[in-house]
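The structure appears below as structure tokens.
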Amino acid sequence: QVQLVESGGGLVQAGGSLRLSCAVSARTFSHYAMGWFRQAPGKEREFVAAINWSGISTYYADSVKGRFTISRDNGKNTLFLQMNSLKPEDTAVYYCAAKLGSGYYLQPLNYDYWGQGTQVTVSS
């Protein structure tokens, strides 16, 4: 069983930065494609960013492109999301997700495992 634990959320002012981490308990973390999603109150879960097993290929939602960076450390079984120039509309619970596979994936239904989420609140 693969377990994912997010950390790094919090309260930040608009224009600030946060770095989210996702620790993954998998013997073969490098075999998993990873993604970040977010869900604001009353809204559906939406795609934020995805990364393939090696970290070479990444993909971002238009709303975060140029501000957020997804990365991974396969030696430490950890996924990251660096979030800069944060806006109030970035406020949401952020989830990391894992899928056994070599590509990158944009839909929540593609993923097999999910973390419990970490709250990010951006004040104006």
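The values are calculated or read from the model by the stated rules, or taken from the named source; none is laboratory data. Given the structure is predicted, the values throughout are model-derived calculations rather than measurements. Cβ coordinates were reconstructed from backbone atoms using ideal geometry, including for glycine residues, and neighbour counts include every protein chain displayed. For accessibility, only protein heavy atoms count, side chains too; no ligands or nucleic acids. Shrake-Rupley method; radii C 1.70, N 1.55, O 1.52, S 1.80 Å.
Between residue 16 and 86, the built amide H atoms are under 5 Å apart, and every one of these is 5 or more places off in sequence or on another chain.
When we measure straight from the Cα of residue 65, which aspartates and glutamates land under 16 angstrom away, once same-chain ones fewer than 8 places off are left out? Once the sequence-local aspartates and glutamates are set aside, what remains near residue 65 is 46, 89, 90.
If you place +1 on the Cβ of every Lys and Arg, -1 on the Cβ of every Asp and Glu, and leave all else neutral, what size is the dipole of the chain about its Cα centre, to the nearest 20 Debye? Before the final figure, lay out the partial values.
Details: 11 positive and 8 negative charges, 38 e Å.
Dipole size: approximately 180 debye.
With 0.36 nm allotted per residue and the present C-alpha distance subtracted, the residue 46-residue 119 stretch has 24.8 nm of extension available. Each other residue within a Cβ distance under 15 Å of residue 103 adds +1 if Lys or Arg and -1 if Asp or Glu, for a net charge of +1.
Rounded to the nearest whole Hz, the Karplus-based 3J(HN,Hα) values (6.51 cos²θ - 1.76 cosθ + 1.60, θ = phi - 60°) of region 44-54 follow the sequence 6, 5, 10, 5, 10, 7, 9, 9, 7, 4, 8, with x at glycine and proline. For region 101-117, backbone phi angles converted through the Karplus equation (6.51, -1.76, 1.60; θ = phi - 60°) give residue-by-residue couplings of x, 9, x, 10, 9, 10, 9, x, 5, 5, 8, 9, 9, 9, x, 8, x Hz, Gly and Pro being listed as x.
Distances between placed amide hydrogens fall under 5 Å for residue 3 paired with 25, all partners being 5 or more residues away or on another chain.
Between residue 14 and residue 61, the modelled labels are 1.9 nm apart [label points 7 Å from Cα along Cα→Cβ]. Roughly how far apart, in whole Å, are the Cα centres of region 85-118 and region 39-70? Using only Cα atoms, the two centres lie 7 Å from each other. When a 1.4 Å probe is rolled over the protein heavy atoms, the share of accessible surface on the chain that falls to carbon and sulfur comes to 48 percent. Computed from label points 7 Å out along Cα-Cβ, the spacing between residue 74 and residue 106 is 2.5 nm.
Near residue 117: Cβ cut-off under 12 Å, other residues only, Lys/Arg at +1 and Asp/Glu at -1. The net charge is +1.
Charge tally around residue 17: other residues with Cβ under 15 Å, Lys/Arg +1 each, Asp/Glu -1 each, net +2. Full extension of the segment from residue 54 to residue 87, taken as 0.36 nm per residue of separation minus the current Cα-Cα distance, would add 8.9 nm.
What number comes out for accessible area per residue over the chain if the probe is 1.4 Å? Units Å², please.
On the way: 6370 Å² over 124 residues.
Per residue, the chain has an accessible area of 51 Å².
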